[in-house]
Amino acid sequence: MGALKKPANTQRQAEKAADYFRGVLSELKKVHWPSRRQLLTYTGVVFFAVAIVSILMWVVDSGLSAALSKLVP
């Protein structure tokens, strides 16, 4: 009896996997993919934002380091 259950279980798992990947492909067809121009624009915005935040963090860190060095001899 144990030998009969194993192939059926394996077949069910294969069917579940096939259904899953069919669902994935179906959802990928619904995705609105950006154009090359949009992608480059969004990437530029992200790089710009990262640069601004990095500069702000550097300024705050430098200010706190200077203040702390004056407090601690």
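We did not get these values from a lab; they are worked out from the coordinates using the rules stated. Bear in mind that the values here come from a model prediction, so they are computed numbers and not experimental data.
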Nearest 10 degrees is fine. How inclined is helix 2-30 to the longest principal axis of the chain, computing both from alpha carbons? 50 degrees
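Any chance you could run the full-extension gain for THR10 through ILE52? It's 0.36 nm times the residue separation minus the Cα-Cα distance, nm to one decimal. Please report the intermediate quantities before stating the final value.
On the way: separation 42, 0.36 × 42 = 15.12 nm, distance 5.40 nm.
Length difference between fully extended and current span is 9.7 nm.
Determine the calculated [θ] at 222 nm for the chain from helices alone, applying -39500 (n - 2.57) to every DSSP H run no shorter than 4 residues and normalising by the residue count; nearest 500 deg cm²/dmol.
Details: 2 runs with 65 residues, N = 73.
Using -39500 (n - 2.57) per qualifying helix, the result is -32500 deg cm²/dmol.
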Applied in sequence order to region 35-46, the curve 6.51 cos²θ - 1.76 cosθ + 1.60 (Karplus, θ = phi - 60°) yields integer Hz couplings, x standing for Gly and Pro, of 6, 4, 5, 5, 4, 5, 5, 4, 5, x, 4, 5
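Can you tell me the length gained on complete extension of the stretch VAL72 to PHE21, counting 0.36 nm per residue apart and subtracting the Cα distance? Let's see the in-between values first.
On the way: separation 51, 0.36 × 51 = 18.36 nm, distance 6.16 nm.
So the chain would gain 12.2 nm between VAL72 and PHE21.
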Options [x] 12.0; [y] 18.4; [z] 12.5 for Kirkwood radius over Cα pairs in Å; the value derived from the coordinates is listed as [y]
GNM, the chain, Cα, under 10 Å: largest mean-square fluctuation among ARG36, ARG12, ARG22? ARG12
